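Any read-out appearing in this document is the output of simple, stated calculations on the displayed coordinates, not a laboratory observation. Computed from a predicted structure; not experimentally measured. Using ideal geometry, Cβ is built from the backbone for each residue, glycine included, and neighbour counts are taken over all protein chains shown.
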Amino acid sequence: MKCPACASEMKVSVVQEVEIDRCRGCGGVVLDKGETEVVEQLQLEHVIDGGIVATHQRRTTPAHCYECNREMIALRGAGDVEYDWCDGCERLFFDQGELTALASVSAD
């Protein structure tokens, strides 16, 4: 799978029972439909994201779902954390640090 942000090849790994697609280039993470709930329940955000909190510049280009060949929709969660959603396959894309930032805001 290609990364929705930078089109680099993503690496698949398994954290507990969750299959994670992580970009080798930019560090972004793709979660398939339903995986976000499991990640939240097991509190794996910091493990998956490496504990990095988003401090980078926001992307100026939209994310692209290469599975559906669609532009992803930018969403804002708690704490104004932006992440991307594909309305075709319902995958979520988090730039590096966004998953941890979202979890830390939600925990407050």
Can you give the relative contact order of the chain as a percent, counting alpha carbon pairs under 8 Å and 6+ residues apart?
27 percent
Let me know the charge dipole size of the chain about its Cα centre in debye, to the nearest 20, where only the beta-carbon of Lys, Arg (+1) and Asp, Glu (-1) is charged.
440 debye
Which residue fluctuates the most in the chain, going by a Gaussian network model with Cα springs under 10 Å, if the choices are V12, V29, V39?
V12
Among V30, V15, V81, which one moves the most in a GNM of the chain with springs linking Cα atoms closer than 10 Å?
V15
GNM top mover of Q96, Q43, Q16 - the chain, alpha-carbon springs below 10 Å:
Q16
In whole Å, largest first, the alpha carbons of the chain cover along the principal axes 35, 29, 24
Using Cβ counts within 10 Å as a stand-in for footprinting exposure, how do H46, H64 rank, fewest first?
H46, H64
Rounded to the nearest 500, the 222 nm mean residue ellipticity computed for the chain from DSSP H runs (n ≥ 4, each -39500 (n - 2.57)) alone is -5500 deg cm²/dmol
